[in-house]
Amino acid sequence: MISNRSGQFELDYLVALSFFIMCIVFVYFYSLNVSSLSYSDKAYMACAVSEVIVNYLHEGCEPNSINETKLETILTNPNVFYEVVNSYDVNLTVRDLSGNLVGCIGEEFPSSDVGYCERLVFNSSNVYILEVRVW
């Protein structure tokens, strides 16, 4: 009987290498989706819409600094608001730091299944909380 163990060694090596590569691929794809496990798609959409609104209102060099006139325009003119957000399933509520309502525009949002995002913005004299709801 001839004993040749090199064939068994190559097979063991191939199985171990395949298992190792599958583990690496699994960890790679799992790490890509870790952030998406904590938020729903609607929450992502609300954050994206809030970013678009803040970019529209932006003025100056500092992040989240806004133009007060643009804020008043977007709160009083629905056409400007819907042109900026490109969606009709959005509600924007603006409050001051005390929680007092400054303005609200958009459709009335349902009581459940709503994506929500909150942003702090400011100008030279006031700080506001932008609440964006998407459904």
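Observations, loosely collected:
- Residues that are touching a Leu at 6+ places or on another chain (Cβ under 7 Å) and either free of Cβ contacts under 8 Å to residues at least 12 places away in the same chain or within 24 Å of W135 (Cα to Cα) (or both), drawn from region 55-73: L57, L71
- Scanning region 105-124 for residues that are in a strand (DSSP E or B), out of contact with any Leu (no Cβ under 9 Å at 6 or more places or on another chain) and in contact (Cβ under 8 Å) with a residue 60 or more places away in the chain turns up G115, Y116.
- Scanning region 76-135 for residues that are at pLDDT below 85, acidic (D, E) and surrounded by 11 or more Cβ atoms within 10 Å (Cβ to Cβ) returns E83, D89, E107.
- Considering residues of region 58-80 that are in contact with a Ser or Thr (Cβ under 9 Å, 6 or more places away or on another chain) and part of a helix (DSSP H, G or I) only, the residue farthest from V127 (Cα to Cα): V80
- Scanning region 74-98 for residues being among the small types (G, A, S) and free of Cβ contacts under 8 Å to residues at least 24 places away in the same chain gives a total of 1.
Here's the yes/no breakdown for (1) more than 17 Å from D41 (Cα to Cα); (2) of a type in the set (S, T, Y); (3) outside the structural domain of I53 (by TED's automatic domain parsing); (4) touching a His at 6+ places or on another chain (Cβ under 7 Å):
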{"residue": "S87", "(1), (2), (3), (4)": "no, yes, no, no"}
{"residue": "N91", "(1), (2), (3), (4)": "no, no, no, no"}
{"residue": "G103", "(1), (2), (3), (4)": "yes, no, no, no"}
{"residue": "E107", "(1), (2), (3), (4)": "yes, no, no, no"}
{"residue": "D113", "(1), (2), (3), (4)": "no, no, no, no"}
{"residue": "E118", "(1), (2), (3), (4)": "no, no, no, no"}
{"residue": "S125", "(1), (2), (3), (4)": "yes, yes, no, no"}
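The values are calculated or read from the model by the stated rules, or taken from the named source; none is laboratory data. Quantities reported herein were computed from a predicted structural model and do not represent experimental measurements. Every residue, glycine as well, gets a Cβ built from its backbone with ideal geometry; the counts of neighbours run over all protein chains shown.
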